[in-house]
Amino acid sequence: KDEFEGAWHVLNPDGRATQWVMNGARIGAILDGNFAMKEDLDAPWIGMATGGDVKQIALNNGRIAFSNSAGIIFAKDDRDGTWHVLNPDGRATQWVLEGDRIGAILDGNFAMKETLDGSWLPMATGGDVKQIQLKGNRIAFSNSAGAILAKDDVYGTWHVLNPDGRATEWQLEGGNISAVLDGNFAMKEALDGPWLTMAAGGDVKHVQNRDRTVQIG
């Protein structure tokens, strides 16, 4: 629904959605392994990708993207346009959209495109990248030790935010970096700033930081 006190709209009465996302007025969903999209709550579902092999979808402003079980990422900037195949060899285990950028973990390495038809720029090699995020100009990743590395310039030097590692979850939001470190919630307000303790006790499992509103679970 679009109103706090409004009535709920049932978007897919048959169910079977395995992932769904919202962006602006659009709603995207994986229904029976196919990618469908609505452009308004009462609009019909528009088929974006069929074949039953869609595994992840994303909407970001005008950009529409999905990946399949081979880890191949497809994206376009026009609803009725032609899909761009971003990595024909597949093997993407995670990917994200932010502005014109696309980041992906390919064979355990972090690569990024700055346009759909641009070349992949190597961000981090070595095969040990486990999570990536893009937010504004900020680029970040973490490895299997839970060390978070970030920078604000594509060709800049990485800042190691927690040399001891042990981050089980982390998030970028505006100029902030939030992380669960050893079960405690800590936050930085700049890449080189100190970690500020938000919640201690070792029992933090999940955090969200949205426009400086923080939620902890």
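Numbers below:
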read-out	value
Accessible-area composition of the chain, carbon plus sulfur, in percent [1.4 Å probe]	49 percent
Globularity ratio of the chain, using Cα Rg and 2.2 N^0.38 Å	1.09
Low-density loop cleavage sites - trypsin sites (Lys or Arg not before Pro) in segment 1-41, where at most 11 other Cβ are within 10 Å (DSSP)	1, 16
Set 1/135; 55/130; 38/113; 130/205; 1/38 screened for pairs whose C-alpha atoms are more than 20 Å apart	1/135; 38/113
Distance-filtered residues of segment 156-188 - backbone nitrogen under 20 Å, label point 7 angstrom along residue 128 Cα→Cβ	157-170, 180-182
Rough spin-label spacing in nm, given labels placed 7 Å along Cα→Cβ, for residue 197 and residue 16	5.2 nm
Distance from segment 1-17 to segment 39-60 (C-alpha centre basis), Å	16 Å
Surface per residue (accessible, 1.4 Å probe) for the chain, Å²	52 Å²
Value of relative contact order over the chain, rounded to a whole percent, pairs C-alpha under 8 Å and six or more apart	8 percent
Within segment 17-127: Cβ-based charge dipole about Cα centre, in debye rounded to nearest 20 (Lys, Arg +1; Asp, Glu -1)	200 debye
Computed E for residue 152/residue 205 - FRET, C-beta separation, R0 25 angstrom, nearest 0.05	0.30
Segment residue 8-residue 40, extension gain: residue separation times 0.36 nm, minus the distance between their alpha carbons	10.2 nm
Two-site label geometry, residue 107 and residue 144: point separation in nm, points 7 Å out along Cα→Cβ	1.7 nm
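The values are calculated or read from the model by the stated rules, or taken from the named source; none is laboratory data. From a predicted model like this one, the values you see are computed outputs, not experimental measurements. With ideal geometry, Cβ positions are generated from the backbone for all residues, glycine too; neighbour counts draw on all protein chains shown. Note: accessible area is taken over every heavy atom of the protein model, side chains too, but ligands, DNA and RNA are not part of it. Shrake-Rupley method; radii C 1.70, N 1.55, O 1.52, S 1.80 Å.
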